[in-house]
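Participant: Handing you a structure now.
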Amino acid sequence: MTAVAAVDLGASSGRVVRGVVADGTVHVEEVHRFPNGPVRLRDTLHWDVLGLYREVLTGLGLAGEVGSIGIDSWAVDYGLLDERGALLGNPVHYRDARTASITPPDGLYEVNGLQFQPFNTMFQLMAEPLLPHASQLLLIPDLLSYWLTGERGAEYTNATTTGLIDVRGGRWSSELTRALPPGLLPELRHPGDPAGVFEGVPVTAVGSHDTASAVVAVPAETDRFAYISCGTWSLVGVELSSPVLTPESRAANFTNEGGVDGTIRYLRNVMGLWLLQECLRRWDTALEPLLRQAEHAQGSLFDPNDPVFLPPGDMPDRIQQWCRDHDRRVPESSAEIVRSVLDSLAAAHRDAIADAQRLSGKEVEVVHVVGGGSRNELLCQLTADACGLPVVAGPAEATALGNVLVQARAVAAVHGPLAELRRLVRQSQPLRRYLPR
Ligand code: ADP
Ligand code: LRH
């Protein structure tokens, strides 16, 4: 039996789990969970990174004896260090308005393969006042890992979300990083590589982009699957062995992110359950009763990917306003608004899966929904209905499981390719199947 600790920081909550791999099964026990979210300081939206670090330490204390520690988090955001290694300023949240009016230069997609998102690290750096004072940039999981171990590096899967990696060569692009201070970007390390030691316990690089770890734990039986990593965002796509860099792919806003074991996560960001999280924050109510009411409510379709929904704010009003502006029936009650969100997400899931197949040539026979959204039965059923494909829902903690499995492989507690790791998940995690109606 081998136990490891996985730190998984989502945009809405963080957790530390103790993962155990034994007898062909993988199990995770949550030892600590804590809320996460934006903190507005005057004009800027930040993360509370020191608070998160404190929670990580608490969680690691509760995890007991483990053979390895691995950290993943949401992508793109970073801390800047000065020449002494001290943090320069509190990391800024990707939903901050500082990149709202960015227009991307031409010719990026052919090099980095990334869907245009105004908050990709490279665009944040264009609006970064601290850059002239910075000696190094560490993405959030690498920053926390540095604080634990004193060692620095840039884990590859998350580094691909910066927009500064040459997607074909898998290295920092000399062309795209030319304007940055020399040495700003640390050496790359890959999932499974050693990343230092914390209080005698090895820290192991995992797919430190949470979505990369989530895709590791998709319990697929064959390679003919699509995934929806469904939490604050819905990351919807397929797994490929090489990137798709065609003009059609760029126009369809598909991204080629680096996955574990040299895979490509070919996907689109769909606005996801953020829409619901923000509605609940506004109404100050719980989710479950609203979901029950939404089952029988009438919804209106809106475009969940409209950038008006990106910043925090009065989400119910914005959804109603969108419907008014686009001559759609305006949802009135909270149940109608929730139903509109779920119908619209299901339609966006369907479109992304259809586009991913058309643009990559990969055929799909099942859709795997993983992450917290796999607990939303109505959304899973509506997604199956919209796609006309079976949906397999679970695990809800796919990201933590993917983190655990990559560590377990690094310490030789499991062996084999992704298909083998996925078999362990299939054998040990409860899954639920939804057939299209
Ligand atoms: P992230 O990693 O982005 O913070 P998670 O994968 O933890 O997100 O998913 C969080 C979301 O999962 C919540 O916003 C909520 O919509 C959904 N969720 C969690 N638990 C349930 C539940 N019991 N029923 C329905 N939805 C749920
Ligand atoms: C999901 C996620 C997603 C990124 C976004 C910034 O948590 O990592 O893959 O696009 O956050």
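What follows is calculated from the coordinates using simple rules that are stated; it is not laboratory data. Small disclaimer: the values here were computed from a predicted structure and weren't measured. Glycine gets a Cβ as well: all are built from the backbone with ideal geometry, and neighbour counts include every protein chain shown.
Participant: What is the number of the single condition among (1) within 20 Å of residue 107 (Cα to Cα); (2) crowded, with 22+ Cβ neighbours inside 10 Å that residue 178 does not meet?
Facilitator: Result: residue 178 passes all but (2).
Participant: Right, next: Pick out the one residue from 96, 43, 82, 72 that is of a type outside the set (S, T, N, Q) and within 16 Å of ligand 1 (Cβ to nearest atom).
Facilitator: Result: 72 is the single residue among 96, 43, 82, 72 that is of a type outside the set (S, T, N, Q) and within 16 Å of ligand 1 (Cβ to nearest atom).
Participant: Please note which helices (runs of 4 or more DSSP H) are completely contained in region 90-180 and include at least 1 residues that are farther than 30 Å from residue 242 by Cα and in contact with a helix residue (DSSP H, G or I) (Cβ under 7 Å, 6 or more places away or on another chain).
Facilitator: Answer list for region 90-180: 140-149.
Participant: While we're on this one: So which residues in region 116-138 are away from ligand 1 (no atom under 16 Å from the Cβ) and buried (at least 18 other Cβ atoms within 10 Å of the Cβ)?
Facilitator: Hits for region 116-138 are 118, 120, 121, 122, 123, 124, 125, 128, 134, 136, 137, 138.
Participant: Take residue 253 and tell me if it is assigned to a loop (DSSP other than H, G, I, E, B) and closer than 29 Å to residue 37 by Cβ.
Facilitator: yes
Participant: How many residues, within region 348-383, are under 19 Å from the mean Cα position of the chain (by Cα) and not in a helix (DSSP H, G or I)?
Facilitator: Residues that pass the stated criteria total 6.
Participant: If I filter region 407-422 for residues that are in contact with a Gly (Cβ under 8 Å, 6 or more places away or on another chain) and within 16 Å of ligand 1 (Cβ to nearest atom), do I get at least one hit?
Facilitator: Among the residues of region 407-422, not one is in contact with a Gly (Cβ under 8 Å, 6 or more places away or on another chain) and within 16 Å of ligand 1 (Cβ to nearest atom), which makes the answer no.
Participant: Any idea which residue in region 196-240 is farthest from ligand 2 (Cβ to nearest atom), counting only those that are over 26 Å from residue 253 (Cβ atoms) and touching a Lys or Arg at 6+ places or on another chain (Cβ under 6 Å)?
Facilitator: Among those that are over 26 Å from residue 253 (Cβ atoms) and touching a Lys or Arg at 6+ places or on another chain (Cβ under 6 Å), it is 219.
Participant: For residue 361, all conditions in the list (1) under 22 Å from residue 274 (Cα atoms); (2) surrounded by fewer than 24 Cβ atoms within 10 Å (Cβ to Cβ); (3) small (Gly, Ala, Ser) hold save one; what is the number of the exception?
Facilitator: So the condition that residue 361 fails would be (1).
Participant: Among the strands (runs of 3 or more DSSP E) lying completely within region 1-81, list those that include at least 1 residues that are buried (at least 18 other Cβ atoms within 10 Å of the Cβ).
Facilitator: Fully inside region 1-81 and qualifying: 2-9, 13-22, 25-35, 44-46, 69-73, 78-81.
Condition check ((1) within 16 Å of ligand 1 (Cβ to nearest atom); (2) outside any loop (DSSP other than H, G, I, E, B)) across all residues:
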{"position": "192", "(1), (2)": "no, no"}
{"position": "195", "(1), (2)": "no, yes"}
{"position": "203", "(1), (2)": "no, yes"}
{"position": "207", "(1), (2)": "yes, no"}
{"position": "212", "(1), (2)": "yes, yes"}
{"position": "215", "(1), (2)": "yes, yes"}
{"position": "223", "(1), (2)": "no, no"}
{"position": "227", "(1), (2)": "yes, yes"}
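Participant: Name the single residue that is farthest from residue 8 (Cα to Cα) among those in region 384-431 being away from ligand 2 (no atom under 16 Å from the Cβ) and β-branched (Val, Ile, Thr).
Facilitator: Among them, the one singled out is 391.
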